1. For residue 244, state whether it is closer than 30 Å to residue 352 by Cβ, modelled with pLDDT of 95 or more and either surrounded by fewer than 21 Cβ atoms within 10 Å (Cβ to Cβ) or in the same structural domain as residue 355 (by TED's automatic domain parsing) (or both).
2. Here's a check for you: in segment 88-120, which residue that is under 15 Å from the mean Cα position of the chain (by Cα) and within 16 Å of the ligand (Cβ to nearest atom) is farthest from residue 158 (Cα to Cα)?
3. Inside segment 256-274, can you point out the residues that are closer than 19 Å to residue 182 by Cα and open to solvent by 10 Å² or more (accessible area, probe 1.4 Å)?
4. Scan segment 58-79 residue by residue and report those that are within 16 Å of the ligand (Cβ to nearest atom) and at negative phi.
5. Residues of segment 285-315 being within 14 Å of the ligand (Cβ to nearest atom) and either farther than 24 Å from residue 351 by Cβ or part of a helix (DSSP H, G or I) (or both), which ones?
Amino acid sequence: MTATTLRAARVLLDGTLRPADLVLCDGRIARIGDPGDTPEGEIIDVPDDAMVLPGVVDTHVHVNEPGRTTWEGFASATRAAARGGVTTIIDMPLNAIPPTVSVAALDTKRAAAEGQRAVNTGFWGGAVPDNLGTLEGLWEAGVFGFKCFLSPSGVDEFPALDAAEFTRAMAEIARFDGLMIVHAEDAAVLDAAPARPSRAYADFLVSRPDDAEITAIRRVIQQVRRTGTRAHLLHLSSARALDEIAAARDEGLPLTVETCPHYLVFTAEDIPDGAPEFKCCPPIRDAGNREALWEALGSGLIDMIVSDHSPSTAEEKQRGDGDYQRAWGGISGLQVGFAAVADAAQARGYGIEHVSRWMSTATADLIGLSAKGRIVPGADADLLVYDPATRWRVTAGELAHKNPISAYDGRELTGSVTTAFVGGRSVDQPLPALDTGRELRRAVAAEAR
Ligand SMILES: [Zn+2]
């Protein structure tokens, strides 16, 4: 295959921005040289102000196809990803029908994604009461790990695990050294919290207390300690759970943590009443909580940031006419996430190298994709080009997502993704081609037994 050379004044290499020529060949970064040294093939000049960074690896995306394709789908999700600098997505096992809880369902989802991948796409499996005892088959078929809920998921076809089932699932996953990823809100705590129909965001917040997260996280930690199973806490919202997490880390337990752009950008105080585009579970909390999450990212206690992109149709969002209890819970954030986090990070003194570590390197490492999330010789040529100076306003209707609903609608951001490369191929803008991405499977050979 012919090579191309990407020439830029600011390439993120080893945590530092410096001038470089990246020679891209056969989908990989074949060589990294000083500008002008030894270019090969066509030379693509990146504007001097722009940064070349590893593409974002977003390990938490709900694509919803097949079954709820009116909510999103592979074509619109991966196009939105490509435009937002996300070159790899890992699809969550629920909200599509069937949920990814068997090898047959995994095959169905892989077939659905065929011909509709602007970016690389892999899959998580699910652990539900009915498929316990069969998880190793899914693992061998190439899922990156297993998602479970400790409280109702929001869709009937993906039930939560009760305490006994969670214990069993963790022991089962330990046997093949797999990875459990957990939606950590405790069902009993949620049941006990008042949840009255209301358009007031404050009422919604009361119905999803910090304690639900803290209690569930304690249970996860207990089971990690008992079984040694690697566990990952999904979408941490409550900073009050950080002490528990820090203690577990000090113990040396194999526990990782993610949070999401919306918890780092928005605050409960600013969310209007009757605005379900801001509804997600666990919820966006107050400003003090938001800053504590940033501090935990800075200290390394929170490892990574993922979108938890979970869109729906306007009907689902407007169900109950602004009643937070009845509206679909999920925020559409795949395309805007990187730019929103980079902007908010900059305002707090974090350089782009931090953002890149949280959104590309750490997430790639979580799922063992060691050739992604970094710019080194031999790595996959998945890159994004970021212009840190452009000021723009997010307009939901101009995003590539299927439904023009976004918590970020109207928000002004400084810095935008101008383009991306997937496997060395430049993504067409504004309508990315659908054959740039590859299907990703967990690398069985790379598995540490
Ligand atoms: Zn999710």
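1. no
2. Per the criteria, the residue is 89.
3. 256
4. Passing the criteria: 58, 59, 60, 61, 62, 63, 65, 68, 71, 72, 77.
5. Passing the criteria: 308, 309, 310, 311, 312.
Residue-by-condition table, conditions (1) in the same structural domain as residue 83 (by TED's automatic domain parsing); (2) open to solvent by less than 10 Å² (accessible area, probe 1.4 Å); (3) touching a helix residue (DSSP H, G or I) at 6+ places or on another chain (Cβ under 6 Å); (4) of a type in the set (Gly, Ala, Ser):
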residue: 310; (1), (2), (3), (4): yes, yes, no, yes
residue: 320; (1), (2), (3), (4): yes, no, no, yes
residue: 325; (1), (2), (3), (4): yes, no, no, no
residue: 330; (1), (2), (3), (4): yes, yes, no, yes
residue: 335; (1), (2), (3), (4): yes, no, yes, no
residue: 341; (1), (2), (3), (4): yes, yes, yes, no
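Okay, residues lined up against (1) outside the structural domain of residue 88 (by TED's automatic domain parsing); (2) free of Cβ contacts under 8 Å to residues at least 24 places away in the same chain; (3) open to solvent by less than 10 Å² (accessible area, probe 1.4 Å):
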position: 400; (1), (2), (3): no, no, no
position: 403; (1), (2), (3): no, no, no
position: 420; (1), (2), (3): yes, no, yes
position: 426; (1), (2), (3): yes, no, no
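Results for (1) outside any loop (DSSP other than H, G, I, E, B); (2) free of Cβ contacts under 8 Å to residues at least 24 places away in the same chain; (3) within 16 Å of the ligand (Cβ to nearest atom); (4) closer than 30 Å to residue 440 by Cα, shown as yes or no for each residue.
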site: 325; (1), (2), (3), (4): no, no, no, no
site: 328; (1), (2), (3), (4): no, no, yes, yes
site: 333; (1), (2), (3), (4): no, no, yes, yes
site: 346; (1), (2), (3), (4): yes, no, no, no
site: 350; (1), (2), (3), (4): no, no, no, no
site: 353; (1), (2), (3), (4): yes, no, no, yes
site: 360; (1), (2), (3), (4): yes, no, no, yes
site: 364; (1), (2), (3), (4): yes, no, no, yes
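The values are calculated or read from the model by the stated rules, or taken from the named source; none is laboratory data. Being a predicted model, the structure only gives us computed values, none of them experimental. Note that we place each Cβ from the backbone using ideal geometry, even for glycine, and neighbour counts take in every protein chain shown. Only protein heavy atoms, including side chains, enter the accessible area calculation; ligands, DNA and RNA are left aside. Shrake-Rupley method; radii C 1.70, N 1.55, O 1.52, S 1.80 Å.
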